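Heads up, the thing below is written out as structure tokens.
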Amino acid sequence: MTTLPPAGPTEEEQAVLRDRISADSLTTRRDYLRIVATVSGGLVVGSTVVSAGVLHRHGDGSAPPLKVADQLGSGEAVTFNYPGENDRAMAIKLADGSVVGYSTVCTHLACGVLWRKGRGEEGELYCPCHEGVFSARTGEVTAGPPPRPLPKVIMVEDAAGAVWAIGTARSGEGVEAGLCRGLRDRDPALAEAAGCPKDGS
Ligand code: FES
């Protein structure tokens, strides 16, 4: 009996595969645009529906997306490390359902910032070292000596309610600028397709 060598993909099969890859690429680009548009548009992040598969592939380029909680209740906070394993961060679900994230390294002298749920209308981020206070909604300094807002961690909630960190923005940098900066580092072509400016502005 003659054993035939394993057959490689026919030309037709290769064409189908190419189509599939290119369709996937289009889909993920559209999804990426949707993430950027939704997050940067200031919509309630809690309503953002993003598939975990897309998150796994895209993040912001500076670090892979990280699931930080399976669920987060209103007024609850969760701490985690992102984008690096020593970068302390916190995600908070505000009363209106939006999820915000920040570095918890105080911009004054690097003490750890804490969540104070019961303060003010939406709670606040508090640094016990010198009474620094930051807005829970924006990360801006509202009291004390910190010279700059807290750097943001860009958060999204997926369809199942899990909370993900997908990127970072530097202190005072907008969410879209942060996402684009990370994406440009990893995949300039995709950054261009997502409408990110080339010069980093
Ligand atoms: S280290 Fe946070 S207020 Fe000084």
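The values are calculated or read from the model by the stated rules, or taken from the named source; none is laboratory data. Predicted model only: the values in this text are computed from it and were never measured. Reconstructed Cβ throughout: ideal geometry from the backbone, glycine too, with neighbour counts over all protein chains shown.
Among the residues examined, residue 68 does not qualify as surrounded by fewer than 23 Cβ atoms within 10 Å (Cβ to Cβ), within 16 Å of the ligand (Cβ to nearest atom) and not in a loop (DSSP other than H, G, I, E, B).
When restricted to residues that are surrounded by 15 or more Cβ atoms within 10 Å (Cβ to Cβ) and more than 10 Å from the ligand (Cβ to nearest atom), region 83-113 contains 16. Checking region 70-84 against the condition returns a match, with at least one residue being more than 19 Å from residue 161 (Cβ to Cβ) and modelled with pLDDT of 95 or more. Being surrounded by fewer than 21 Cβ atoms within 10 Å (Cβ to Cβ), farther than 25 Å from residue 72 by Cα and either without any contact (Cβ under 8 Å) to a residue 40 or more places away in the chain or within 13 Å of the ligand (Cβ to nearest atom) (or both), is that true of even one residue in region 184-191? Yes; the residues of region 184-191 include at least one that is surrounded by fewer than 21 Cβ atoms within 10 Å (Cβ to Cβ), farther than 25 Å from residue 72 by Cα and either without any contact (Cβ under 8 Å) to a residue 40 or more places away in the chain or within 13 Å of the ligand (Cβ to nearest atom) (or both).
Go through (1) of a type outside the set (A, V, I, L, M, F, W, C); (2) over 17 Å from residue 63 (Cα atoms); (3) within 13 Å of the ligand (Cβ to nearest atom) for residue 161 and report which single condition fails. Condition (3) is where residue 161 drops out. The set of residues in region 161-176 that are farther than 14 Å from residue 84 by Cα and among the β-branched types (Val, Ile, Thr) comprises 163, 175.
Of all residues in region 114-136, those satisfying the criterion of being in a loop (DSSP other than H, G, I, E, B) and more than 9 Å from the ligand (Cβ to nearest atom) are 117, 118, 119, 120, 121, 122, 123, 136. Scanning region 95-106 for residues that are modelled with pLDDT of 95 or more and in a loop (DSSP other than H, G, I, E, B) yields a count of 2. Residue 140 meets each of the listed conditions (1) buried (at least 18 other Cβ atoms within 10 Å of the Cβ); (2) of a type outside the set (S, T, N, Q); (3) within 16 Å of the ligand (Cβ to nearest atom) apart from (1).
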